[in-house]
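Participant: First the structure, then my questions, so here it is.
The values are calculated or read from the model by the stated rules, or taken from the named source; none is laboratory data. Just so it is clear, the structure is predicted and the values come from calculations on it, not from any experiment. No Cβ is skipped: glycine too gets one built from the backbone with ideal geometry, and neighbour counts run over all protein chains shown.
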Amino acid sequence: MDAKTKSLPDVPDRRLAAAFNFTEIDLAANRSGFLSWGQRWGLGRNGQYVVAKALPFLMHRRSKMPSNQVLTVCGRIQLVQHLEQVQRQTKLREDFRLMLPEHGLIFRLTAAQYRVLAEGVYYQIYYLEMPHHILSLERAMDNCRDNA
């Protein structure tokens, strides 16, 4: 492998990244147990270039940033979809969930997120405890055996 290839960041699965709104910068930070600057300030994939331009200002104000710890879990996911009736109406609302039964975790999903995930596949998931929110995720290598 040449030096140019070694320096490239790990690029996440583009469909997962688009559905869950994260970048390779977010994924790298989450793998290390941290929020990226874009995640701390609520910037999406398209807004993270602003961080690079505003970095001196952000460093000055860093004491006011949220300090949520990034947690990680690796496991085989189960996907659940069901319909809920909206109160006192005849309309139905779809509800999507990602479950990791062996860890006792449940995450709400959007329809787009639900569609890009594969049932029964092992994923490495980076999330916030409060609010219970997936920051980024990737398919787990070797069915999570390295993380056991």
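Participant: Which condition does residue 81 not pass, out of (1) assigned to a strand (DSSP E or B); (2) in contact (Cβ under 8 Å) with a residue 24 or more places away in the chain; (3) surrounded by 14 or more Cβ atoms within 10 Å (Cβ to Cβ); (4) not acidic (Asp, Glu), if it passes all the others?
Facilitator: Failing condition for residue 81: (3).
Participant: Ok, one more. Report yes if residue 57 is touching a strand residue (DSSP E or B) at 6+ places or on another chain (Cβ under 6 Å) and either modelled with pLDDT of 85 or more or hydrophobic (A, V, I, L, M, F, W, C) (or both), otherwise no.
Facilitator: Judged against the criteria, residue 57 is not a match.
Participant: Got a sec? Which strands (runs of 3 or more DSSP E) wholly within region 85-148 have at least 3 residues that are loosely packed, with under 14 Cβ neighbours inside 10 Å?
Facilitator: 92-100
Participant: While we're looking at this one, here's another question. Kindly indicate whether any position in region 97-109 is farther than 29 Å from residue 32 by Cβ and free of Cβ contacts under 8 Å to residues at least 40 places away in the same chain.
Facilitator: Keep residues of region 97-109 that are farther than 29 Å from residue 32 by Cβ, which gives none.
So far as region 97-109 goes, no, none of its residues is farther than 29 Å from residue 32 by Cβ and free of Cβ contacts under 8 Å to residues at least 40 places away in the same chain.
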